[in-house]
Amino acid sequence: MAKIIDGVAVAAEIRRELKVRSQALRERGVVPGLAVIMVGNDPASSVYVRNKVRACKEVGIESFRFDFEQDAEPASVLALIRELNCRSDIHGILVQLPLPPRFSVSEVLQTLSVDKDVDGFHLYNVGGLVVGGTVFPPCTPYGVVKMLEHEEIELEGQNVVVVGASNIVGKPMALMLMQRDATVCICHAKTRDLAQFTVLADILVVAAGKPNLIVPEMVKPGAVVIDVGINRLANGKLVGDVDFEGVSKKASYITPVPGGVGPMTVTMLLANTIAAAERRLRARQ
């Protein structure tokens, strides 16, 4: 039976460390600040933003929330981002996705200052994953790596299969694991016979957005299974992309949904914000 990796507990441990770092900054006259921009009233986004603001308070980060109506002009949001780029009391800027269709997400992300892109989505930060010069790693893959480190799971030389090739999770996840000398394969919606790849994985990271995509026959005995997916079924239940009941009998480690990767994503956003404040303080000295 697999050991369940408790993302809530790992996140709480990291947040205790972040609180200490935040306090140290405050003692030197720097209050870490995070600006959160939300356009429209998407229910899921509203919950995420609320959770992020609450988490900021927990570790001593000052949060600044900016809400726009659904029909807001992109130019007004871009103008705010440019203004926040220049504010010394704001160390990180988060634009909550998704944005309304008329917005160019790439234009919004490229308007962010690289030094304040705490989500890690700016082209510079994404490109930095390839050459090793990232200022801020994307929060979800960063959280997965931290979970693996916490459990002292070896990455060097391991066969890792990442299912899902999104710009937010799959691709950066693969690059971050390659930096740690894992041998990485990325599978996606067009992959033929997914099982022939997943069954070879020492570590399987699934971020495809399809409930129960991974069943026990697709998993190598003793594999580490990280389920990044979050899907709401017709009955309202939240599940991941992995058949948890079945796969947990075969894997050595597994993350639950909810309570696995999710809490880590928000925690790494806090970590990036505090790191941004620390970088600013060092630059002033």
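No value in this document is a laboratory result; all are computed from the given coordinates. Since the model is a prediction, treat every value here as computed from it, not as a measurement. When we count neighbours, we look across all protein chains shown, and the Cβ atoms used for this are built from the backbone with ideal geometry, even at glycine.
Bridging of residue 220 to lysines at a Cα separation below 28 Å is possible for 3, 146, 171, 190, 210, 237, 249, 250, once same-chain residues fewer than 8 apart are set aside. Relative to the longest principal axis of the Cα atoms of the chain, the long axis of helix 139-150 lies at roughly 60 degrees. Over the range 162-233, the hull volume per residue, using the convex hull of the C-alpha atoms, is 90 Å³. Per the Kirkwood formula applied to alpha carbons, the range 39-82 shows a radius of gyration over Rh ratio, Rg over Rh, of 1.04.
Let me check against my output: what whole-number percent is the relative contact order of the range 139-262, with C-alpha pairs under 8 Å and at least 6 apart?
Result for the range 139-262 is 22 percent.
The long axis of helix 43-59 is offset from the longest Cα principal axis of the chain by roughly 70 degrees. Our analysis of the range 139-262 gives Rg over Rh at 0.93, with the two radii drawn from alpha carbon positions and Rh computed by the Kirkwood formula. What net charge do the residues around residue 155 carry, taking every other residue with its C-beta under 10 Å from that of residue 155, with Lys and Arg at +1 and Asp and Glu at -1? Combined, the nearby Lys, Arg, Asp and Glu give -4.
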